[in-house]
Amino acid sequence: MAHWFFFRRNGGLKEEDRFSARVGMLLLVGVGIVLILLALPVDKETHKELFQLLALLITAVITLSSTTFVSNALAGFMLRGMKSFRLGDFLRVENQFGRITERGLFHTEIQTEERDLTTLPNLFLVSHPITVLRSSGTIVSATVSLGYDISHKTIERLLSNAALAANLKDPFVHIMELGDYSVTYRVSGFLSEVKQLLSARSNLRAQMLTTLHGAGIEIVSPVVMNQRRLEDGIQVLPPQSSELPYAEEKIVENNPESLIFDKADAMAQIEALKEQREAIREEITVLEGQAKSKKEHIGPWIEQRITRIRQEEERLSLQIQQAEAAKIE
């Protein structure tokens, strides 16, 4: 009954509300245990001993599990208070990178680039710096080393064109290092659709190859060139292929992120539906208050509006149930 009251009575809760519901469930269990002890048909002295035993057990549990259970729970509270990430966001911590699929009281689950699911203790997230990709967009970058015999202005122009061809906005180029044999450049651009991050990184490098080779510029270490005997004017460029247009078409149509981050997409969609439903419920509450305070000739219009909104709420609840039933594990 308590589980239904906290989790099921509204057709599922938002991710933030589920966390509060779990805490409420724990408190309810604690209060229930105390009430059961008080209701036992024993004398006052026995009651006192039972409560002392309960306090001793709680102290022992906290002491023995302070480095894991309690610490992860406190870290979970801290992460909730910070509100630094949500379901579906890209998260990087140490050598772990992926999209968030679940947030629990003790752990956070991410889906990696290999489509696998990795569980991270909340204490680990609190004790290490985390990077969250902003949903409004991120910067995609790639580096390349080229020889000193090519003007850096020419390289900067070509790399900027490559970034534009990769559908990145506001491209810019930095000279990262002046090495003994080559110059290291980094080209960057703004990606507004972060869900396509992996494809955008690959596409940027592909466009760099196409643009530089199209301009007759070799992408090869000068040391390698010095170790081979080549006549003047010979360049190391890939042969032209008649299948290139078809290959490019496949790259554009393919969307590996939908396969790699399938669970993350599903969880983010469910959370978005719940937020829409919550907004509708708040609007219904406001309209019901207005209907009571308005005059009679205005009341029917508000009632019609409430009816339409309730129908929309039922539609969203059905979508949430279907999405949760089909949720990928």
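Here are some notes:
- Test: LEU117 is in contact with a Phe, Trp or Tyr (Cβ under 6 Å, 6 or more places away or on another chain) and farther than 12 Å from GLY76 by Cα: no
- Of the residues making up region 104-115, those that are surrounded by fewer than 21 Cβ atoms within 10 Å (Cβ to Cβ) and part of a strand (DSSP E or B) are HIS107, GLU109, THR112.
- Test for LEU105: is it touching a Phe, Trp or Tyr at 6+ places or on another chain (Cβ under 7 Å) and among the hydrophobic types (A, V, I, L, M, F, W, C): yes
- Every listed requirement among (1) surrounded by fewer than 17 Cβ atoms within 10 Å (Cβ to Cβ); (2) at pLDDT below 90 is met by THR118 save one, (2).
- Any hit, region 82-90, residues being at pLDDT below 90 and in a helix (DSSP H, G or I): yes
- The condition of being assigned to a helix (DSSP H, G or I) and within 29 Å of the chain's Cα centre (by Cα) holds for only one of VAL140, VAL126, that being VAL126.
- Of all residues in region 141-162 being within 29 Å of LYS195 (Cα to Cα) and in contact with a Ser or Thr (Cβ under 7 Å, 6 or more places away or on another chain), the one that is surrounded by the most Cβ atoms within 10 Å (Cβ to Cβ): ALA162
- Of all residues in region 150-169, exactly one satisfies the criterion of being farther than 13 Å from THR184 by Cα and either at pLDDT below 90 or assigned to a strand (DSSP E or B) (or both), namely LYS169.
- Subset tally (residues that are touching a residue at least 60 places away in the same chain (Cβ under 8 Å) and closer than 16 Å to THR119 by Cβ) for region 81-98: 2
The values are calculated or read from the model by the stated rules, or taken from the named source; none is laboratory data. Just so you know, these numbers come straight off a predicted model, no measurement behind them. A quick note on method: Cβ atoms are made from the backbone with ideal geometry, for glycine too, and the neighbour counts reach across all protein chains shown.
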